[in-house]
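First comes the structure, then the notes that go with it.
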Amino acid sequence: MRHLTRHAAGPLALCAALLATAAAPASGHGTPSGHDPARATLPARDGWASAAGGTTGGAAADREHVRTVRTWDEFRAALAAGGGEPQIIRVAGTIDAGAAGCARYEAPGYDFDRYLADYDPAVWGYDTPVSGPQEDARAASAANQAAAIQAYVPSDTTVVGVGRNAAIRGAGLQIKDADNVIVRNLTLESPLDCFPQWDPTDGERGAWNSEYDAAVVHNSTHVWLDHNTFTDGRHPDSSLPRHYGELYQQHDGELDVVRGADLVTVSWNVFEDHAKTLMIGNSDAAGDTDRGRLRVTLHHNLFRNVGERAPRVRFGQVDAYNNHYVIAEESYAYSFGIGFESRLVAEKNSFRLPPGAGPGRILKKWSEAPLTAARNHVNGAETDLVAAHNADNPDTPLRRGAGWTPTLRTRVDDPRAVPGTVVPRAGAGRIR
């Protein structure tokens, strides 16, 4: 249906559409003034998702394909009921995908106390991945949770929050094998993994590894994520227990763009209170699917008290401009991760670092890849991020020059104005 819903049917219709577009007063936030956010389409030239036909989501939906949902079951049923037609799903109030609690997902034979006893490093050691009946039961329990809390967003769909307080808690939105999807105006509270896996071989002391991101864009194209708030909400890492001396990590990422995803615009969102925040490309070995893709634009997003991956990039041509970073020292590792075959352009961003966190920590080199970093401000002063990194890391210097120049930008603010522009306007409930 995409070719029917995203393009005018003839010359007269095309002229009318162009005149309507030219006449619409732009708000600078992706929604023409006075326009229903559920019917909004991505403005022309607004990042990579505007390329190659643009992104309209379910804007062309007829009345039968506009649904308002208030429960998790209603939401998943609405996603599945589109029948291949453009659809709009309006989320009213707070939907909680995990309200039933972890016990609901436990497979027969699973016993967490037994799990801890069986794989205690004093018994199991650190040299061999865990295996056996309790690990099998944990994996089966995890599969039960995945089936219950993940929702798949199909092509030609807009998911939009109603009003200022719409939220989805404890769910993983899967934008997988789809084209032309919009998600706006939602608070997305990260799902809490009930069954993290203990990996004794992860680092010197082992680690607990979790699944489930708040949202994943997987092998999908033309995706616009706008004015959402990604948060750990009621379950920050500080509230989680420790086992074997390590944090019992029940969170993965807030947003992943992976496995052949392409033409994505992430605008005016808040990412907050999270460790591993946003990953673009999840494996150095994914060249067959990711090389030449993973083209993502990040602009006017607020990254507040996030530890790392804001974003970490592999392969993609990523344009990150006019984002604002407010960093807490106790949890900070880095912001931009320079990964395998990446081509990051980071321009006119603003950083507020605490005492003790120098600008040399903003970039982290994971692999040899060039980047462009220009006119970024740190604590109010223009700062050469590459020079700062290289001064702190003379043995692993970064190369300048990403080799491409972004052209798909609408408004570009002076970096001195970014904090005052982004802080009051980014996130759910703030569409203008």
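Annotations
- For Ile338, the stated conditions do not hold, so it cannot be described as surrounded by 20 or more Cβ atoms within 10 Å (Cβ to Cβ), under 18 Å from Pro354 (Cβ atoms), of a type in the set (A, V, I, L, M) and touching a residue at least 12 places away in the same chain (Cβ under 8 Å).
- Residue pairs whose Cβ atoms lie under 8 Å apart, separated by 6 or more positions or on different chains, with the first residue in the range 358-369 and more than 14 Å from Arg312 (Cα to Cα) and the second of a type in the set (S, T, N, Q) and in a strand (DSSP E or B), are Pro359/Thr383.
- Residues that are under 25 Å from Val270 (Cα atoms) number at least 1 in the following strands (runs of 3 or more DSSP E) confined to the range 131-201: 150-152, 157-161, 167-169, 172-176, 179-184, 187-189.
- If you go through the range 55-67 and pick out every residue that is surrounded by 14 or more Cβ atoms within 10 Å (Cβ to Cβ) and not in a loop (DSSP other than H, G, I, E, B), you end up with 3.
- Residues of the range 349-393 that are under 18 Å from Asn323 (Cα atoms) and either modelled with pLDDT under 95 or among the hydroxyl-bearing types (Ser, Thr, Tyr) (or both): Ser350, Pro354, Thr372, Thr383.
- Evaluation of Ala320 against (1) small (Gly, Ala, Ser); (2) touching a strand residue (DSSP E or B) at 6+ places or on another chain (Cβ under 9 Å); (3) part of a loop (DSSP other than H, G, I, E, B); (4) farther than 22 Å from Asp237 by Cα (one fails), failing number: (3)
- Test: Leu344 is in a loop (DSSP other than H, G, I, E, B), touching a residue at least 24 places away in the same chain (Cβ under 8 Å), surrounded by 17 or more Cβ atoms within 10 Å (Cβ to Cβ) and of a type outside the set (Gly, Ala, Ser): no
- Residue pairs meeting the criteria (Cβ under 6 Å; at least 6 apart or on separate chains; first over 22 Å from Ser267 (Cβ atoms), in the range 55-78; second among the charged types (D, E, K, R) and modelled with pLDDT of 95 or more): His65/Glu85; Thr68/Arg90; Ala78/Arg67
- Sub-6 Å Cβ pairs linking a first residue in the range 222-240 that is touching a residue at least 40 places away in the same chain (Cβ under 8 Å) and over 15 Å from Asp193 (Cα atoms) to a second residue that is among the hydroxyl-bearing types (Ser, Thr, Tyr) and surrounded by fewer than 24 Cβ atoms within 10 Å (Cβ to Cβ), at least 6 apart or interchain, are Thr229/Thr187, ordered by first then second residue.
- Arg114 touching a Lys or Arg at 6+ places or on another chain (Cβ under 9 Å) and not in a loop (DSSP other than H, G, I, E, B): no
The values are calculated or read from the model by the stated rules, or taken from the named source; none is laboratory data. Bear in mind the structure is a predicted one, so any value in this text is a computation, not a measurement. Cβ coordinates were reconstructed from backbone atoms using ideal geometry, including for glycine residues, and neighbour counts include every protein chain displayed.
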